[in-house]
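Step one of this worksheet: look at the structure below.
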There are 4 protein chains.
Amino acid sequence: MNSFGKLFRVSIFGESHGESVGIVVDGCPAGLSLTADDLLPDLERRKGGKQKGTTPRQEADFPFFKSGTFNDKTTGFPIAIFFENNNTRSEDYAKQRSIPRPGHADWVAHQKFGGHEDYRGGGHFSARLTTGLVAAGAIAKKLMSGVGIHAEVIEIGGEKDLEKGLQNAIDAKDSVGGLLECRVTGLPVGLGEPYFDSVESVLAQMMFAIPAVRGVEFGTGFAAAKMFGSQHNDAIDDMTGKTRTNHAGGVVGGISNGNELVFRIAIKPTSSTPKEQTSLNWDTEQQETFSIKGRHDLCVALRAPVIVEAATAIVLADLMLQEQQIKRIVS
Amino acid sequence: MNSFGKLFRVSIFGESHGESVGIVVDGCPAGLSLTADDLLPDLERRKGGKQKGTTPRQEADFPFFKSGTFNDKTTGFPIAIFFENNNTRSEDYAKQRSIPRPGHADWVAHQKFGGHEDYRGGGHFSARLTTGLVAAGAIAKKLMSGVGIHAEVIEIGGEKDLEKGLQNAIDAKDSVGGLLECRVTGLPVGLGEPYFDSVESVLAQMMFAIPAVRGVEFGTGFAAAKMFGSQHNDAIDDMTGKTRTNHAGGVVGGISNGNELVFRIAIKPTSSTPKEQTSLNWDTEQQETFSIKGRHDLCVALRAPVIVEAATAIVLADLMLQEQQIKRIVS
Amino acid sequence: MNSFGKLFRVSIFGESHGESVGIVVDGCPAGLSLTADDLLPDLERRKGGKQKGTTPRQEADFPFFKSGTFNDKTTGFPIAIFFENNNTRSEDYAKQRSIPRPGHADWVAHQKFGGHEDYRGGGHFSARLTTGLVAAGAIAKKLMSGVGIHAEVIEIGGEKDLEKGLQNAIDAKDSVGGLLECRVTGLPVGLGEPYFDSVESVLAQMMFAIPAVRGVEFGTGFAAAKMFGSQHNDAIDDMTGKTRTNHAGGVVGGISNGNELVFRIAIKPTSSTPKEQTSLNWDTEQQETFSIKGRHDLCVALRAPVIVEAATAIVLADLMLQEQQIKRIVS
Amino acid sequence: MNSFGKLFRVSIFGESHGESVGIVVDGCPAGLSLTADDLLPDLERRKGGKQKGTTPRQEADFPFFKSGTFNDKTTGFPIAIFFENNNTRSEDYAKQRSIPRPGHADWVAHQKFGGHEDYRGGGHFSARLTTGLVAAGAIAKKLMSGVGIHAEVIEIGGEKDLEKGLQNAIDAKDSVGGLLECRVTGLPVGLGEPYFDSVESVLAQMMFAIPAVRGVEFGTGFAAAKMFGSQHNDAIDDMTGKTRTNHAGGVVGGISNGNELVFRIAIKPTSSTPKEQTSLNWDTEQQETFSIKGRHDLCVALRAPVIVEAATAIVLADLMLQEQQIKRIVS
């Protein structure tokens, strides 16, 4: 299903080349001042075509509020937000329909939905669906005053010099992967539960919902597997719970400990590489060499930070409502 | 909350040194032959004290079926399974109550539950709760004939020679982390959804529910962030969807593609290291040097494979029921 | 929250005098042929102004599909449907804002949402929201071939002659309540669960979601409370499970038994009576005599049958998916 | 599934003649003082054999806490409670296995679960499962200080003189139905949502989970269908929201309005009537005359008040947690 959250609940819909994409946000407290202007800065950050290595497809991405606000404040009822799809070039996709693109969902979608999926531009699988997430994330951020969420790309193609990592890909005429880090300050102690609703569990569920994410780690993460306990343990410094080190990344026993929340996300290279590829043509049942048309990001990681922030904010707003750290009526 | 799953749903309860731990499995199809014997092999694998580096605490871990079976078959109603706690030594814990153990949930639990949490042996946070998961996993495995799930430790303390990695920790008188890999064969195409219920999302949610897990990656995982698209893309080989490479680890667009499902899990070193530590005493509000008593695993990763398999099986059984790949009545 | 269903899941949004009302239907199998034409007949039935005793407010109620269909078939992804609000006269509502209308949600909404609710035309509480339900119901009906759902008004103002019951109200210049009966044929045996997900439980949850519903009874219903067991028990006639009588109304132990499903619904008189009323003015804190402006149904029960059918269809489609009686891909 | 609730969540399990019945209560705030003594009064009220017209089956019904309390207080983790089944006489049931009892779930269970259901004493369908509900309800009641919940039988077999209604049944050697009313005082304004999570929706879902319930109505209920709006509307009296009349039964627009919550429940006559019946024998495929053995209530409504109260308390505690009217840590 295409919904996430217990008390702050988002439901996404739409297809890349269909009428629209959008999101319904249910459970947002009443009284939060909210207009399109609040969403535009993050929506602008999400757009392609702004920097080298991102798709030239340009959409206005204006968030049409269809419900849930009145007099520029939230009413406490579901907020439906729409984005029109205008700038689509579907003919690029119809031509190569019979060759499921490697790394893309074409083949599994065809099997799972019996050929009824909207394949144009990746349909429902498209990263264009994250527009709604970014809008919902901006609302969630507004709800959590005092909480700071910042995500950034820290590596492209294995290079910490991001410019160089991207140039390597441009030179190789290939797409390339990247690494993101997200840091959250100002969280209260006590969010999350042990086991299935641990902070890591719900954040990871959400992060793997973002297209192209292949790994998630918290605090020291995979490096922790190589460490001794005496190295990894974070000793508590004072009665606020501040720890001397932060190998835990702000979560212990599934529960936020008040220190900075830190996690990293591995983004695979864009599946739509400009390079020639050879794969199956399901009409001819033969291997075929082809190259992908359409407009794509060379490094999809570059557009991910604002999406990761939004996804994080949605999760945290939900946890804070569950923990009664956000009031039902915002004053 | 302490439940997981949509149609195959598990609810865990219990505390390490309380009366019992256990699990309720709801949604298991009727007619599956099931007795304690079916659970014992995996429960045996989970036990400590069997191999070097695991806790000397020994529990009988006999699964008492309290409901849901009749004439040694499942009835279609909730299966409640209990494990008695007999072999507890709680006095080890009361003594050091005022020093929240670094890396443990003591401090966050105290804050979140106002001091009402059962702190003995880690209470509800204890890995002892995974006994129930292993039982439920054994049921899930029985439901999925033709599906093979295998998890194993592939690194201890950064060493691929597991013996050596463990010996390093023993020599250092310290606990140590490890890396696991899980592989699943025989899955149908089409499990999972794009976005929030992607195979990666639900598996990751579940994996991060296992105590000490700090990272999860699928297929090539974090290494994908360093790759070019032409390297990472898995070309489709034939009309079954078999791919030449498996960088995707069996999931594309959130949906299983019929290839082997592969993921890895980083396990931090056991927080209860035998080494001396210095941390806060919340009574005296002073730093204090102490060492942890109680019986603990030196390398908790060693006991994790059967837990990871069980957790994986629970997720997959749920996805297969959702996709109508398991019948409501097992014949 | 404003969602309903496990596998066939609807989420409603919108306000009576806002931009729009609508619904997102998630979990609809792929491959169902679906266009606006499939929804129009039921949407037409729902409209007011068609018969004596219903509101003169006229909306085009054209269902705009915003996602989830492609080439006039469902894709398996969320179907977002919108209805524009054009024919609103909000000024009727602003004037009497300070007198919470008796029988309406004005006062509770004001308390619960801190005055931020959209009060115009009842806002989110308006029966206009049922437009989306009717659309989703039409989809659910299409999914269940062989299942017939028929609801009708069987009493107005206590009169079985509906014309007379309505005329009594017109003569009295008052609004009036009514009784509905819904009958469903062609259901398989085995839908529903004992306890919380009983057929009665989920249908009743849904029916009480319809504005103005005050009672729900199954089969013989409240009359059963007056009967002896030997009168009420339905003896089984043959190996198909057909019963000689149907006091159970097609549900035993929470589970459909293959006989006709029968239930009745009490609808209160429209709260917006044309009669003068006296109630509190929260500005003056005095009692005030007033009469309600705006366009309203005299007998809201008259418009309820198609809504009750839709609501029933949504519930049953969900139960049938859970019981694997509807395939994930419609052929 | 066999769970109910969003934040205060109960999961029931067990069979009438199996090992045990029980319940897991998840989401109960930490710090509530709780021992078996708190549950015993309501459990005692639920027992049969105490009054004329109830089953002579006597169980100790002692609630064994298996988790979730520590030092006689709740910990904030799941509370698992067990009841042993000792006083079973299963041979009564095996004999007449081939004649599905009219009014019972025998036939539907057999179809739905393929014959694997535990048929002894009604198995999972037995009202014995309500023992767990009563235990959970007692916990919920303790959580809601200031809220008073009172249910009582107001009619037996159509007689307001309960003694007479019961005697009629005894004289007729038949079982008999009854009517209950439940009243709740002290509720805050603002519980519930319009539509699917309306107070009526969630209460009705829960009430229809109680075996033998056939109808639920709020406030004036079915009588409202016969009324004019001017008669039914409850005018607001003062700034507390108190209404002059209470036809709404304390709920308007799905939301509690602070007045007394009032609803009624129709209970059908016990299906196990002592009278001879004729129904199908599925072995012989012939009609057969038989009478039901086993120990049964003549009027199951007599035992229902404490169950209805418990069910109501569970629903309200969940709604109050959602509305942040109960704190996460009880002081």
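How many of the residues making up segment B:69-86 are open to solvent by 50 Å² or more (accessible area, probe 1.4 Å) and closer than 24 Å to D:SER67 by Cβ?
Selection size over segment B:69-86: 2.
Output the number of residues of segment C:127-137 satisfying the condition of being within 11 Å of chain A (Cβ to nearest Cβ) and open to solvent by 10 Å² or more (accessible area, probe 1.4 Å).
0
Just to be sure before I move on: is B:PHE222 among the aromatic types (Phe, Trp, Tyr) and either within 15 Å of the chain's Cα centre (by Cα) or open to solvent by less than 20 Å² (accessible area, probe 1.4 Å) (or both) in the structure I sent?
no
Please indicate, with yes or no, whether at least one residue in segment D:2-24 is more than 20 Å from the chain's Cα centre (by Cα) and more than 21 Å from B:CYS28 (Cα to Cα).
For segment D:2-24, residues more than 20 Å from the chain's Cα centre (by Cα) and more than 21 Å from B:CYS28 (Cα to Cα): absent.
Testing A:GLU217 on (1) open to solvent by less than 10 Å² (accessible area, probe 1.4 Å); (2) in a strand (DSSP E or B); (3) at the interface with another protein chain (Cβ under 7 Å from one of its Cβ atoms), one condition comes back false. Which one is that?
Unmet condition: (1).
Could you tell me which residue of segment D:53-68 is nearest to D:LYS327 (Cα to Cα), considering only residues that are open to solvent by less than 40 Å² (accessible area, probe 1.4 Å) and at pLDDT 95 or above?
Taking the candidates together, the pick is D:GLY68.
Looking at B:GLN325, B:GLN287 in this structure, which one is open to solvent by 10 Å² or more (accessible area, probe 1.4 Å), of a type outside the set (Gly, Ala, Ser), at the interface with another protein chain (Cβ under 10 Å from one of its Cβ atoms) and over 30 Å from A:MET227 (Cα atoms)?
Numbers: B:GLN287 fails: over 30 Å from A:MET227 (Cα atoms).
Result of the check over B:GLN325, B:GLN287: B:GLN325.
Regarding segment A:225-235, can at least one residue be identified that is more than 22 Å from A:VAL153 (Cβ to Cβ), more than 7 Å from every other protein chain (Cβ to nearest Cβ) and surrounded by fewer than 24 Cβ atoms within 10 Å (Cβ to Cβ)?
yes
Yes or no: C:ALA317 open to solvent by less than 10 Å² (accessible area, probe 1.4 Å) and within 15 Å of the chain's Cα centre (by Cα)?
Criteria not met by C:ALA317.
Kindly provide the set of residues from segment B:285-294 that are in contact (Cβ under 8 Å) with a residue 24 or more places away in the chain and in a loop (DSSP other than H, G, I, E, B), ordered by number.
B:ILE292, B:LYS293, B:GLY294
Regarding segment B:172-190, can at least one residue be identified that is farther than 27 Å from A:PHE196 by Cβ, more than 7 Å from chain A (Cβ to nearest Cβ) and among the charged types (D, E, K, R)?
Yes, some residue in segment B:172-190 is farther than 27 Å from A:PHE196 by Cβ, more than 7 Å from chain A (Cβ to nearest Cβ) and among the charged types (D, E, K, R).
Kindly indicate the residue of segment A:296-311 that is within 15 Å of B:GLY229 (Cβ to Cβ) and not β-branched (Val, Ile, Thr) and also most open to solvent (accessible area, probe 1.4 Å) among those meeting that condition.
My answer is A:HIS296.
Please go through segment C:116-130 and give me each residue that is in contact with a strand residue (DSSP E or B) (Cβ under 6 Å, 6 or more places away or on another chain) and over 14 Å from C:SER11 (Cβ atoms), ordered by number.
Scanning segment C:116-130 gives C:HIS116, C:ASP118, C:ARG128.
Among the residues of segment C:168-212, which ones are part of a strand (DSSP E or B) and either open to solvent by 30 Å² or more (accessible area, probe 1.4 Å) or of a type in the set (Asp, Glu) (or both)?
Result: C:GLU181, C:ARG183, C:THR185.
Only one residue in D:ALA169, D:ALA151, D:ALA140 is over 30 Å from D:THR35 (Cβ atoms) and touching a Leu at 6+ places or on another chain (Cβ under 9 Å), so which one is that? Break it down stepwise before answering.
Details: D:ALA151 fails: over 30 Å from D:THR35 (Cβ atoms); D:ALA140 fails: over 30 Å from D:THR35 (Cβ atoms).
Matching residue, one of D:ALA169, D:ALA151, D:ALA140: D:ALA169.
Checking the conditions here, which among A:PHE65, A:PHE125, A:PHE82 is of a type in the set (A, V, I, L, M, F, W, C), under 27 Å from A:VAL24 (Cβ atoms) and touching a Pro at 6+ places or on another chain (Cβ under 6 Å)?
A:PHE125
How many of the residues making up segment C:264-284 are more than 9 Å from chain D (Cβ to nearest Cβ) and closer than 30 Å to C:GLU181 by Cβ?
Residues flagged as more than 9 Å from chain D (Cβ to nearest Cβ) and closer than 30 Å to C:GLU181 by Cβ within segment C:264-284 amount to 0.
Taking segment D:265-284 on its own, how many of its residues are outside any loop (DSSP other than H, G, I, E, B) and open to solvent by 30 Å² or more (accessible area, probe 1.4 Å)?
So the count comes out to 1.
Being touching a Leu at 6+ places or on another chain (Cβ under 6 Å) and of a type in the set (A, V, I, L, M, F, W, C) is the filter here, so list the residues in segment C:312-331 that pass it.
Listed by number, the residues that qualify are C:VAL315, C:ALA317, C:LEU319, C:LEU321, C:ILE326, C:VAL330.
Which of (1) under 24 Å from the mean Cα position of the chain (by Cα); (2) open to solvent by less than 30 Å² (accessible area, probe 1.4 Å); (3) farther than 18 Å from D:VAL213 by Cβ is the odd one out, the single condition D:GLY258 does not satisfy?
(2)
Looking only at segment D:239-251, how many residues end up being open to solvent by 20 Å² or more (accessible area, probe 1.4 Å) and within 7 Å of chain C (Cβ to nearest Cβ)? Outline the logic, then answer.
The first filter runs over segment D:239-251 and keeps only residues open to solvent by 20 Å² or more (accessible area, probe 1.4 Å), leaving D:239-240, D:242, D:244-247.
Adding the requirement that they be within 7 Å of chain C (Cβ to nearest Cβ) leaves D:239.
Residues in segment D:239-251 being open to solvent by 20 Å² or more (accessible area, probe 1.4 Å) and within 7 Å of chain C (Cβ to nearest Cβ): 1 in total.
Does D:ALA209 satisfy the criteria of being hydrophobic (A, V, I, L, M, F, W, C), more than 9 Å from chain C (Cβ to nearest Cβ) and touching a Leu at 6+ places or on another chain (Cβ under 9 Å)?
Judged against the criteria, D:ALA209 is not a match.
So C:GLY157 clears everything in (1) closer than 28 Å to D:GLY190 by Cα; (2) under 20 Å from the mean Cα position of the chain (by Cα) except one condition, right? Which one?
For C:GLY157, the failing item is (1).
How many of the residues in segment D:222-251 are within 22 Å of D:PRO188 (Cα to Cα) and either touching a residue at least 12 places away in the same chain (Cβ under 8 Å) or not in a strand (DSSP E or B) (or both)? Spell out the reasoning first.
Step one: filter segment D:222-251 for residues within 22 Å of D:PRO188 (Cα to Cα), giving D:233-251.
Of the ones still in play, those that are also either touching a residue at least 12 places away in the same chain (Cβ under 8 Å) or not in a strand (DSSP E or B) (or both) are D:233-235, D:237-251.
Final tally of qualifying residues: 18.
Name the one entry in C:GLY123, C:GLY165 that is modelled with pLDDT under 95 and in a helix (DSSP H, G or I).
Numbers: C:GLY165 fails: modelled with pLDDT under 95.
It is C:GLY123.
The values are calculated or read from the model by the stated rules, or taken from the named source; none is laboratory data. Just so we're clear, the structure is a prediction, and the values are computed from it rather than from any experiment. Here Cβ is always computed from backbone atoms with ideal geometry, including for glycine, and neighbour counts include all displayed protein chains. Please note that ligands, DNA and RNA were not included when accessible areas were found on the heavy atoms of the full protein model with its side chains. Shrake-Rupley method; radii C 1.70, N 1.55, O 1.52, S 1.80 Å.
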